[in-house]
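Below you'll find the structure, written out as structure tokens, and then a few comments.
The values are calculated or read from the model by the stated rules, or taken from the named source; none is laboratory data. All values reported here derive from a predicted model rather than from experimental measurement. Heads up, the Cβs are rebuilt from the backbone with ideal geometry, glycines too, and the neighbour counts pull from every protein chain shown.
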């Protein structure tokens, strides 16, 4: 098809046109497009050769046209896929809210579960499980770094950050974090209403959120004093991931 015509028999030009033809064939086959698209390409190539068009300029135009077609086709397929998924969920009795909740559960499922009570909210059990990981993996690094950055009393409320931390983790094996005691008692109380249980769960989450944001603020100030090493940066990243995964980015003190 490309053997004749001024300039169209150059090896590199012919190779590129052959590749373009192959890409059309794949796009048409994979997305069930009209085969006439390939026939139109061949017609345009024959016309370009017969009229003596500049092959490089013609090639640039055709490549751009193909990329536009490919982008539109893929976007159409993406929208169709989303529509099919939504239809499948509707038929299965799932709502958009179910989809959001599923995605959220997937984001936090890699955090360990802290045993609070059989009726405890799973989000709270994993949030405090994440705090336990923060303690085991990163707290010694953070505590040492903050003490080096703020060695003198009064520089910053470092002591408050350190003391508050221990309210969110178990200080003795088999014991719940102090911050969870009120929530546990509410869950265990036979007279507690569903509303009261939800309220205490929200308070348990809010207290962690406030603390993590305060801890990040102190870390940012420490970084201005002493450049962090890789361990400190890893700890900071872990905190930021927690905030993102548990969707508490905007849950700050006002």
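Descriptive notes on the structure:
- Residue within segment 115-122 that is surrounded by 13 or more Cβ atoms within 10 Å (Cβ to Cβ) and at pLDDT below 70 present: no
- A count restricted to segment 24-41 and to residues that are under 20 Å from residue 13 (Cβ atoms) and either surrounded by 15 or more Cβ atoms within 10 Å (Cβ to Cβ) or in contact with a strand residue (DSSP E or B) (Cβ under 9 Å, 6 or more places away or on another chain) (or both) stands at 3.
- Among the residues making up segment 230-254, those that are touching a residue at least 12 places away in the same chain (Cβ under 8 Å) and over 20 Å from residue 129 (Cβ atoms) are 231, 232, 252, 253.
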